[in-house]
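Step one of this worksheet: look at the structure below.
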Amino acid sequence: MPFYSRFALSLSHKTIAMKKNMYYLGAMAVLSLCSCASGNDVVGVDATKFQSVIDGKEVNLYTLTNDAGMTVQITNFGGRVVSIYVPDKDGKFDDVALGHSSLEEYVNYEGERYVGCAVGRYANRIANGHFEIDGIGYNVPINNNGQSLHGGEKGFDLVVWDIDSVGADFIRLKYLSKDGDEGYPGNLSVTMTYKVSADNALNITYEATTDKPTMVNLTNHTFFNLKGECGGSINDHLLTIDADYITPVDSVLIPTGEMMAVKNTPFDFRKPTAIGDRVGNNHKQLKNGAGYDHNWVLKNESRLQRVARVDETSSGRFLEVYTDQPGLQFYGGNFFDGKGKGKCGDAIRYREAFALETQKFPDSPNQPTFPSARLNPGDTYRHTCVYKFGIR
């Protein structure tokens, strides 16, 4: 059964009356894009194509901007980043985030499911869809090669988040994942904030609490192409990752439990290296999809630090990634098959977008030597991810 058939979905395209309360400012952001001080030429996605009701909750598209003209559009369906407009070296604004031009395309998706979304309760993979907490076994949905991926059948990417507050440059979303949701224990209360800062960064912060011991690993799954969405191959983007080790994986992308040094391997991005330089050489470490979908072990986790940078020379754009998490999953778009289309109307093909996901390690609930993903009552899960854009 398709995922979307499980939703109470109304795609009537009629305008939803906005409430005269704390949502007023957000409604203004939905209905128009500002003409910012930079005089940018951002048109943006048509917000009316996101106005609907799913599972009894209103869905909309919200627009965030800063004084420099950076523009980000967010929908509360899946907490998704729909577009990110930033300038190139000539001052031309392009949308550098993969996305769709209507809500219906996210609900009735073709090809890649996890486009721009919030991912949870557990981002990445859990082996055999099983883990234990204090001797009690929990089974979560198996939805990827015999493993559980990105929260299961109906993860955080397929739910409507509540709007807590919204302003010109930020939106705060909330979601209550109830005890037993997708097999996970505990009522998990999550707050996620997107903020566009003055230095052309998209700041994403997460907080979560629970009333039972549980496993939590949240992330954002925006796909980027610094040439602009539908800009073609990302193999020529120059990638730097400040990490000496990865967690190698087996044939179904579950970590073996080891830490493998990147030196003298295709995983060594400690110096700027073109993403595609080593993916076509049949390296045995890249046998899974013959490309990158791996976790890098970051240094000095628990404090916010720059962990990666991507440079694109033709546009002059670069992207820096900052986080306080222990892992960074780099995915090079190996499984794009042209079925899904971007907002530009063109199909997204093999290695035409990449993701850099800050998170705990994959399968941490079953790997005692990995940083723990356990959250206990009375504690708060916190996670910061910053995607900062610039020009060189």
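The values are calculated or read from the model by the stated rules, or taken from the named source; none is laboratory data. Predicted model only: the values in this text are computed from it and were never measured. All Cβ positions, glycine included, derive from the backbone under ideal geometry; neighbour counts span all protein chains shown. These area figures cover heavy atoms from the full protein model, side chains too; ligands, DNA and RNA do not enter into them. Shrake-Rupley method; radii C 1.70, N 1.55, O 1.52, S 1.80 Å.
Rounded, prolate or oblate: which one fits the chain, using the alpha carbon gyration tensor with axes a ≥ b ≥ c (rounded when a/c is under 1.5, else prolate when a/b beats b/c, else oblate)?
Values: a/c = 1.55, a/b = 1.11, b/c = 1.40.
In terms of gyration-tensor shape, oblate.
Roughly how many percent of the accessible protein surface of the chain is carbon and sulfur, given a 1.4 Å probe and a whole-percent answer?
Reported share for carbon and sulfur atoms: 48 percent.
With +1 on the Cβ of every Lys and Arg and -1 on the Cβ of every Asp and Glu, and nothing else charged, how large is the dipole of the range 67-133 about its Cα centre, in debye rounded to the nearest 20? Write down the numbers at each step before the final one.
Numbers: 6 positive and 10 negative charges, 59 e Å.
Its charge dipole is roughly 280 debye.
If ARG303, ARG374 are ordered by their accessible area, calculated over protein heavy atoms with a 1.4 Å probe, which sequence runs from highest to lowest?
Numbers: ARG303 125, ARG374 90 Å².
Descending order: ARG303, ARG374.
Rounded to the nearest whole Å², what accessible area per residue is found for the range 288-392 with the 1.4 Å probe? If you can, show how the numbers build up before the last one.
Numbers: 3880 Å² over 105 residues.
I get 37 Å² per residue for the range 288-392.
Explain nothing, just compute: Karplus ³J(HN,Hα) = 6.51 cos²θ - 1.76 cosθ + 1.60, θ = phi - 60°, for every residue of the range 48-64 in order, whole Hz, x for Gly and Pro.
For the range 48-64, the Karplus curve yields 5, 7, 10, 8, 7, 10, 10, 6, x, 10, 6, 10, 8, 10, 10, 10, 10 Hz.
According to the square roots a ≥ b ≥ c of the eigenvalues of the Cα gyration tensor, what is the shape class of the range 132-284, taking rounded for a/c under 1.5, prolate for a/b larger than b/c otherwise, and oblate for the remainder?
Details: a/c = 2.19, a/b = 1.24, b/c = 1.76.
Oblate, because a/c is 1.5 or more while a/b does not exceed b/c.
Too long at a 31 Å Cα-Cα cut-off: which of LYS89/LYS154; LYS57/LYS227; LYS49/LYS174; LYS92/LYS341; LYS154/LYS339; LYS195/LYS341? Numbers along the way, then the final one.
On the way: LYS89/LYS154 41 Å; LYS57/LYS227 36 Å; LYS49/LYS174 23 Å; LYS92/LYS341 23 Å; LYS154/LYS339 21 Å; LYS195/LYS341 27 Å.
Among LYS89/LYS154; LYS57/LYS227; LYS49/LYS174; LYS92/LYS341; LYS154/LYS339; LYS195/LYS341, the Cα-Cα distance tops 31 Å for LYS89/LYS154; LYS57/LYS227.
Return the long-range amide H neighbours of PHE269 (sequence gap of 5 or more, or a different chain), with a cut-off of under 5 Å between placed amide H atoms.
ILE241
What is the chain's relative contact order, in percent, from Cα pairs under 8 angstrom and six or more apart in sequence?
Averaging sequence separation for qualifying contacts and normalising by length gives 16 percent for the chain.
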